[in-house]
1. Tell me, yes or no, whether segment 137-149 has at least one residue that is within 16 Å of the chain's Cα centre (by Cα) and aliphatic (A, V, I, L, M).
2. Go through segment 112-123 and give me each residue that's touching a residue at least 24 places away in the same chain (Cβ under 8 Å) and either in a helix (DSSP H, G or I) or not assigned by TED's automatic domain parsing to the domain that holds residue 184 (or both).
3. Test residue 126 against the stated conditions and say whether it is of a type in the set (Val, Ile, Thr), part of a strand (DSSP E or B) and either buried (at least 24 other Cβ atoms within 10 Å of the Cβ) or at positive phi (or both).
4. How many of the residues making up segment 186-197 are touching a Ser or Thr at 6+ places or on another chain (Cβ under 8 Å) and either of a type in the set (D, E, K, R) or not in a loop (DSSP other than H, G, I, E, B) (or both)?
5. Do you know which residues across segment 239-263 are over 15 Å from residue 99 (Cα atoms) and surrounded by 19 or more Cβ atoms within 10 Å (Cβ to Cβ)?
6. Looking only at segment 204-257, count every residue that is under 20 Å from the mean Cα position of the chain (by Cα), farther than 23 Å from residue 70 by Cβ and of a type in the set (Val, Ile, Thr) and tell me the total.
7. Would you confirm whether or not segment 76-92 contains a residue that is assigned by TED's automatic domain parsing to the domain that holds residue 196, in contact (Cβ under 8 Å) with a residue 24 or more places away in the chain, among the small types (Gly, Ala, Ser) and closer than 20 Å to residue 233 by Cβ?
8. Across segment 216-269, what is the total count of residues that are in a loop (DSSP other than H, G, I, E, B), hydroxyl-bearing (Ser, Thr, Tyr), at pLDDT 95 or above and within 24 Å of residue 130 (Cβ to Cβ)?
Amino acid sequence: MIPIIVLIVTSVALALSFTVVFIPWLVTGFFSPLVFIMVFTIGNSILLYGVFERRSPLFGKIIWKSANNNAAVSLTFDDGPHEPYTSQILDILARYNVKATFFTIGENAAQYPETVKRIVKEGHEIGNHTYTHDVLPLKLPRYICDQIRRTSDLIEYITGVRPVLFRAPHGWRNPWMNKIVKEEGCIPVAWTLGVWDTDRPGADKIITRTLKGVENGCILLLHDGRGVESKADSSQLVEALPIIIHRITEMGYIFLTLSKLIEEAPKRCQTRR
């Protein structure tokens, strides 16, 4: 999918660059290949940055970290629910009395409604992670709206609670996504630290990457599934999670749901805009 997105963005940048250079040529008769190349390169780079950089302000404000002075961390889990791993994660969180935020895929929620109910019943937060985990920068506004609305409607039907947070698959966005997310009653969020646990690097590496990167106000990205894959394996994260929680607690941090983390410092939340 990345090559396709790059191709589309490059085509847009090419068209914009041609327009910027072509209009002066019509007026003055002057054409500079060097100017064309410079405009194209800069435009293409800016657009790609907006699509792929999760913290980019190019397409609108995005929350990726809380800047409160307290040593607080938010555990967030993407791509679930997926069994048995989501339930195992919930067992661990209950054992350590930690509350987390689960960014749920609608298709997975439909398959495991009882797990979704349990997430809310045990005091955790549910966020919207689209219905099918599609690559959204390639999609038109109506499709994106449908993905978000279907997921929120389903979660509300199952739990009675409508999500107020939205995280795009892979953190990739396009120019109209933020507006749609807000119209659907959600806040667009990203993350501070991802540890690539879906690559299954081993529990020890997941632990090391987490402890090395954690900081005040950190939004930690973990996964209890992998998109809508039926054979996703989060066993390494399940193995690593108790140690991560124990060590982070020893470092003096407290755990908050993502909404609580944001509320702790509403005027100082790290955003890019």
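1. Initial filter on segment 137-149 (within 16 Å of the chain's Cα centre (by Cα)): 137, 144, 147-148.
Okay, now just the ones that are also aliphatic (A, V, I, L, M), so 144, 148.
Scanning segment 137-149 turns up at least one residue that is within 16 Å of the chain's Cα centre (by Cα) and aliphatic (A, V, I, L, M).
2. Step one: of segment 112-123, the residues touching a residue at least 24 places away in the same chain (Cβ under 8 Å) are 112-113, 115-120, 122-123.
Scanning segment 112-123 gives 113, 115, 116, 117, 118, 119, 120.
3. Working: of a type in the set (Val, Ile, Thr): yes; part of a strand (DSSP E or B): yes; either buried (at least 24 other Cβ atoms within 10 Å of the Cβ) or at positive phi (or both): yes.
Yes, satisfied.
4. Initially, segment 186-197 is screened for residues touching a Ser or Thr at 6+ places or on another chain (Cβ under 8 Å), giving 186, 191, 193, 195, 197.
Those still in the list that are either of a type in the set (D, E, K, R) or not in a loop (DSSP other than H, G, I, E, B) (or both) too: 193, 197.
The number of residues fulfilling the criteria is 2.
5. The one that is over 15 Å from residue 99 (Cα atoms) and surrounded by 19 or more Cβ atoms within 10 Å (Cβ to Cβ): 240.
6. Adding up the residues that qualify gives 2.
7. Filtering segment 76-92 for residues assigned by TED's automatic domain parsing to the domain that holds residue 196 gives 76-92.
Keeping just the survivors that are in contact (Cβ under 8 Å) with a residue 24 or more places away in the chain gives 76-83, 85-90, 92.
Narrowing further to those that are among the small types (Gly, Ala, Ser): 80, 87.
Keeping just the survivors that are closer than 20 Å to residue 233 by Cβ gives 80, 87.
Yes: one or more hits.
8. 2
The values are calculated or read from the model by the stated rules, or taken from the named source; none is laboratory data. Please read all numbers here as calculations on a predicted model, not as lab measurements. Using ideal geometry, Cβ is built from the backbone for each residue, glycine included, and neighbour counts are taken over all protein chains shown.
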